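Before any comments, here is the structure.
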Amino acid sequence: MNVEIIHRPSYSLALVNLAPNEKIRADSGAMVSMTDGITIETKAAGGFLKSLTRSALGGESFFQNFFMAPPQGGEITLAPDLPGDMVVIELSNRTVMVQAGSYLASEIGVELNAKLSKKAFLSAEGISILEASGNGKVLVSSYGAIYDRQLSSGEKYIVDSSHLVAFDGTVDMQIRAVGGLKSTLLSGEGLVVQATGPGKLWIQTRSPSALINWIIPHLPKKD
């Protein structure tokens, strides 16, 4: 698939051009529009148990849509639920970890799995991490703009876990306090993750959990 991302970074839309008879996989609800002739198949990819695991642990929809272009090719546009940016990550025998809710679409050569691992526990909210591996393009989304940071071997970088979008599987993640006990409890930062290279990080400039925490006090209360 050939992807052009427009209206960045606030309200990004991915224009995906498909080759003749090319098939892609997309998260449920990601499609905005498409040219006539593209067919869609909705299924639990990999079977019931694998789909259930990805849904429960990886934040991915249980059912996914597979779009196939007609013999003349076609175009499909995709967008995430939240306002923000998108980025295409190229996989070539490479593994990338994607936070819950950030996966949008991928080529058929990309394998998606949710695994209980050290990186899953330490790098994001709970165990909500999706592992993308194999060969092909992966389209991921963010809340806010995306800032990418390349880490050299042994280089350390501190990130609030709610701002992580994705990171290379070669990056080591360790959970730690932002400072002393007072800073950890009162700074509003709490626990963070220390990423150690080599590898690349994709970071979103806004936090969905911070948005939720802002909205809740403003909700009308029942009498």
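The values are calculated or read from the model by the stated rules, or taken from the named source; none is laboratory data. In this text the structure is predicted, and so the values were computed from the model without any measurement. Cβ atoms come from the backbone with ideal geometry, glycine included; neighbour counts cover every protein chain shown.
Could you list all residues from segment 132-171 that are crowded, with 20+ Cβ neighbours inside 10 Å and either among the acidic types (Asp, Glu) or outside any strand (DSSP E or B) (or both)?
Ser142, Tyr143, His163, Val171
Evaluate the following for Ile6: is it within 20 Å of Asp85 (Cα to Cα), surrounded by fewer than 14 Cβ atoms within 10 Å (Cβ to Cβ) and among the β-branched types (Val, Ile, Thr)?
For Ile6, the condition - within 20 Å of Asp85 (Cα to Cα), surrounded by fewer than 14 Cβ atoms within 10 Å (Cβ to Cβ) and among the β-branched types (Val, Ile, Thr) - is met.
Give segment 131-142 a look and list any residue that's over 17 Å from Thr170 (Cβ atoms) and either at pLDDT below 95 or among the basic types (Lys, Arg) (or both), or say none.
Lys137
List pairs: first residue in segment 69-87 and under 11 Å from Val3 (Cβ atoms), second residue among the aromatic types (Phe, Trp, Tyr) anywhere in the structure, Cβ distance under 8 angstrom, at least six positions apart or on different chains.
Sorted first by the residue in segment 69-87, then by its partner, the pairs are Ile76/Phe67; Val87/Trp202.
For the list (1) surrounded by fewer than 21 Cβ atoms within 10 Å (Cβ to Cβ); (2) at pLDDT below 95; (3) touching a Ser or Thr at 6+ places or on another chain (Cβ under 8 Å), I need the number of the one condition that Pro80 fails.
Among (1) surrounded by fewer than 21 Cβ atoms within 10 Å (Cβ to Cβ); (2) at pLDDT below 95; (3) touching a Ser or Thr at 6+ places or on another chain (Cβ under 8 Å), Pro80 violates only (1).
For segment 79-116, what are the residues that are of a type in the set (Gly, Ala, Ser), over 10 Å from the mean Cα position of the chain (by Cα), closer than 25 Å to Ser33 by Cβ and in a strand (DSSP E or B)?
Gly84, Ser106
Just to check your reading of the model, which residue among Leu57, Leu49, Leu18, Leu13 is at pLDDT 95 or above, among the hydrophobic types (A, V, I, L, M, F, W, C) and under 24 Å from Gln99 (Cα atoms)?
After ruling out the rest, the residue left standing is Leu13.
Working only within segment 68-84, note down all residues that are under 17 Å from Ser106 (Cα atoms) and of a type in the set (A, V, I, L, M, F, W, C).
Result: Met68, Ala69, Ile76, Leu78, Ala79.
For residues that are at pLDDT 95 or above and not in a strand (DSSP E or B), scanning just segment 31-46, find the one that is nearest to Ala132 (Cα to Cα).
So the residue we want is Ile38.
Here's a check for you: in segment 105-130, which residue that is modelled with pLDDT of 95 or more and buried (at least 24 other Cβ atoms within 10 Å of the Cβ) is farthest from Ala79 (Cα to Cα)?
Ser106
Write out, first by first residue and then by second, each pair whose Cβ atoms fall under 6 Å of each other, whose residues are 6+ apart or on separate chains, and whose first residue, in segment 194-223, is closer than 20 Å to Val87 by Cα while the second is assigned to a helix (DSSP H, G or I) and at pLDDT 85 or above.
Ile203/His163; Gln204/His163; Ser207/Ser162; Ser207/His163
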